[in-house]
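Novice: Dumping the structure here so I can ask a few things about it.
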Amino acid sequence: MNLKSIGISIMLIILIVGFSGCVQENESDEQITQDVQLTDEDWNYFVFHYKSGKDLNQLFTSGFNIIDKEIKLFDPVNSSFLLEVNNSNLNELTNLKNISNKMYENISDYRSTLDDFMVSSNLIEHHQKQSNLFDVYENLSNLYLATYNRIISVYNSSTAKTKLVDISDIMQQLFVIEESINSIMDDQVQEIIDIPEEIWNKWEDKDWSFMNETQG
């Protein structure tokens, strides 16, 4: 297996883990003329895109796991979700606010960094899709904050009783966002695959160890 195939395989494993749904192929007939080589700026962007995407994916997963763990009732007929809130899990659920704030803070930094990259034509659309990905993750951070606000508005810890909070509308939006993230990342992976081997070989001697780093 060559370096290109290894890199693509690792990206798929790391970035798409935890997501469901079908792969949507990019069916655009529009042809883009590529530069004859990948630049050092392209490489720096590629590393940045991987690390920022991995970070936001981990934050997404952390928030979703909190919600999923505490869903008490799900009615598939009416697509309704009821979240159970009590004194035991209130602190964990309110951590959604911290995740939302962290995600929003990181996205702001990532956007600023992304704007500084001057990539070649090989990655220009990939670069634009990364910007789109940040927009989707920002919507996700808003949903986590909305979930937190709804929990706080419904639950009063002084009563020491369990409350069921309806988050059906939020869950529906989360599923739409999940599909959007999948679609954007699928397109990005396909664009990497479509780079000709003779151009990709420019990166054969690069240090790929960043893919093994643990996100801080």
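The values are calculated or read from the model by the stated rules, or taken from the named source; none is laboratory data. All values derive from a computational prediction rather than experimental measurement. Backbone-built Cβ (ideal geometry, glycine too); neighbour counts: all protein chains shown.
Novice: Within segment 149-168, is there a residue that is of a type in the set (S, T, N, Q), touching a residue at least 12 places away in the same chain (Cβ under 8 Å) and touching a Lys or Arg at 6+ places or on another chain (Cβ under 7 Å)?
Specialist: Looking for residues that are of a type in the set (S, T, N, Q), touching a residue at least 12 places away in the same chain (Cβ under 8 Å) and touching a Lys or Arg at 6+ places or on another chain (Cβ under 7 Å), one finds none in segment 149-168, hence no.
Novice: So how many residues does segment 125-142 have that are hydroxyl-bearing (S, T, Y) and within 11 Å of the chain's Cα centre (by Cα)?
Specialist: 2
Novice: Sticking with this one: Output the residues belonging to segment 62-80 that are without any contact (Cβ under 8 Å) to a residue 60 or more places away in the chain, surrounded by 14 or more Cβ atoms within 10 Å (Cβ to Cβ) and within 16 Å of the chain's Cα centre (by Cα).
Specialist: Scanning segment 62-80 gives a single hit, S62.
Novice: Examine segment 88-107 for a residue that is among the hydroxyl-bearing types (S, T, Y), in contact with a Gly (Cβ under 9 Å, 6 or more places away or on another chain), at pLDDT 95 or above and closer than 23 Å to Q58 by Cβ, and state whether such a residue exists.
Specialist: yes
Novice: Of all residues in segment 158-191 being under 18 Å from the mean Cα position of the chain (by Cα) and among the β-branched types (V, I, T), which is surrounded by the fewest Cβ atoms within 10 Å (Cβ to Cβ)?
Specialist: In this case the residue turns out to be V176.
Novice: Which residue out of L140, L56, L133, L83 is touching a helix residue (DSSP H, G or I) at 6+ places or on another chain (Cβ under 6 Å), assigned to a strand (DSSP E or B), touching a residue at least 60 places away in the same chain (Cβ under 8 Å) and surrounded by 15 or more Cβ atoms within 10 Å (Cβ to Cβ)?
Specialist: Checking each option against the conditions leaves just L83.
Novice: Could you tell me how many of the residues in segment 106-125 are under 15 Å from G53 (Cβ atoms), surrounded by 21 or more Cβ atoms within 10 Å (Cβ to Cβ) and of a type outside the set (F, W, Y)?
Specialist: 2
Novice: Taking segment 186-203, which residues are within 15 Å of V119 (Cβ to Cβ) and assigned to a helix (DSSP H, G or I)?
Specialist: Across segment 186-203, the qualifying residues are Q188, E191, I192, I199, W200, K202, W203.
Novice: Can you tell me which residue among L73, L83, L3 is in contact with an Asp or Glu (Cβ under 6 Å, 6 or more places away or on another chain) and at pLDDT 50 or above?
Specialist: L83
Novice: Which residue, of S120, S108, S88, S112, is over 17 Å from I184 (Cα atoms), without any contact (Cβ under 8 Å) to a residue 12 or more places away in the chain, of a type in the set (G, A, S) and part of a loop (DSSP other than H, G, I, E, B)?
Specialist: Exactly one residue qualifies, and that residue is S88.
Novice: Something else about it: Of the conditions (1) more than 20 Å from N65 (Cβ to Cβ); (2) at pLDDT 90 or above, I181 clears all except one; give me its number.
Specialist: The number of the failed condition is (1).
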